[in-house]
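Peer 1: First the structure, then my questions, so here it is.
The values are calculated or read from the model by the stated rules, or taken from the named source; none is laboratory data. Quick caveat: nothing in here was measured; it's all calculated off a predicted structure. Using ideal geometry, Cβ is built from the backbone for each residue, glycine included, and neighbour counts are taken over all protein chains shown. Areas reflect the complete protein model, heavy atoms only, side chains present, ligands, DNA and RNA absent. Shrake-Rupley method; radii C 1.70, N 1.55, O 1.52, S 1.80 Å.
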Amino acid sequence: MKGPFVITGFMGCGKSEVARSLANQLKVAMVDLDQVITAEEGRSPAELISQDGEPAFRNIENRILTQVFLEGNARVISLGGGAWIESSNRELIKRQGATSIWIDTPFEICWSRIEADSNDRPLGRTREQASALFDRRRPVYALADICLDTKGDETADDLASQIVDKLNRL
Ligand code: S3P
């Protein structure tokens with residue numbers, strides 16, 4: 001069970017916390033792709049999207065995901081919510097032999113976290129916008145190797161343990 005593992009799912013589904021817990025349980029290194037982007041570019045994904053547009057951000061996201069794989073240290077990678085939606089990223093993830101894990105959290109839970117969070121999410125500023133994006137993306141998230149169905153009241157440690165069980169059964 002050496003990975004790499006990529007964690008995907010909608011904004012507010014709990015990707016980063018679950019990825020951190022999974023990496024702890026597996027005793028491997030974890031990176032948060034959006035944090036690497038912010039460190040490398042000097043601007044957050046939200047700033048990049050707002051200032052340069054989403055296509056420019058997606059190019060950067062793909063370049064930095066490639067770089068993270070090439071460096072090879074991180075065995076658990078938490079993606080931004082749109083990274084898995086890009087076919088170029090899914091192909092890259094497959095070529096790297098990574099196992100993809102979708103945290104499938106109900107929209108209402110994601111939305112309550114998006115609303116409460118101080119993180120700016122230019123692609124989910126209104127409930128209507130976020131809900132339409134959620135519906136459009138679900139079939140693409142469903143292409144992941146593992147789907148983790150959540151109700152939103154489990155702890156990140158519980159969810160990471162469920163992932164470990166599923167990985168053991170692959
Ligand atoms: C995005 C999600 C964000 C961030 C960017 C774009 C998306 O990450 O990468 O704002 O397209 O869903 P989180 O899923 O961590 O909020």
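Peer 1: Can you show me the helix-derived [θ] at 222 nm for the chain, built from DSSP H runs with n ≥ 4 at -39,500 (n - 2.57) apiece and divided by the number of residues, rounded to the nearest 500.
Peer 2: On the way: 8 runs with 95 residues, N = 170.
About -17500 deg cm²/dmol.
Peer 1: Now for a different question. Compute the signed sum of charges (Lys and Arg +1, Asp and Glu -1) over the other residues within less than 14 Å, Cβ to Cβ, of Trp84.
Peer 2: Numbers: positive: Lys15, Arg58, Arg90, Lys94, Arg136, Arg137, Arg138; negative: Asp34, Glu61, Glu86, Glu91, Asp104, Asp145.
Value of the local net charge: +1.
Peer 1: For Arg58, what is the net charge nearby, where nearby means another residue's Cβ is under 11 Å from its Cβ and Lys, Arg count +1, Asp, Glu -1? Present the calculation step by step, with values, prior to reporting the outcome.
Peer 2: Values: positive: Arg63; negative: Asp52, Glu54, Glu61, Glu86.
That works out to -3.
Peer 1: Local charge sum around Arg125 (other residues, Cβ-Cβ under 14 Å, Lys/Arg +1, Asp/Glu -1)?
Peer 2: Details: positive: Arg121, Arg127; negative: Glu54, Glu115, Asp117, Asp120, Glu128.
Neighbour charge sum, excluding Arg125 itself: -3.
Peer 1: Could you work out what % of the accessible surface of the chain is carbon and sulfur, using a 1.4 angstrom probe and leaving DNA, RNA and ligands out of the count? Intermediate values should be presented prior to the final figure.
Peer 2: Working: 3880 of 8390 Å².
Solvent-exposed carbon and sulfur of the chain make up 46 percent of the total.
Peer 1: Which value, in Å², gives the accessible area per residue of the chain when a 1.4 Å probe is used on the protein heavy atoms? Display every interim value, and only then the final one.
Peer 2: Working: 8390 Å² over 170 residues.
For the chain, the per-residue accessible area is 49 Å².
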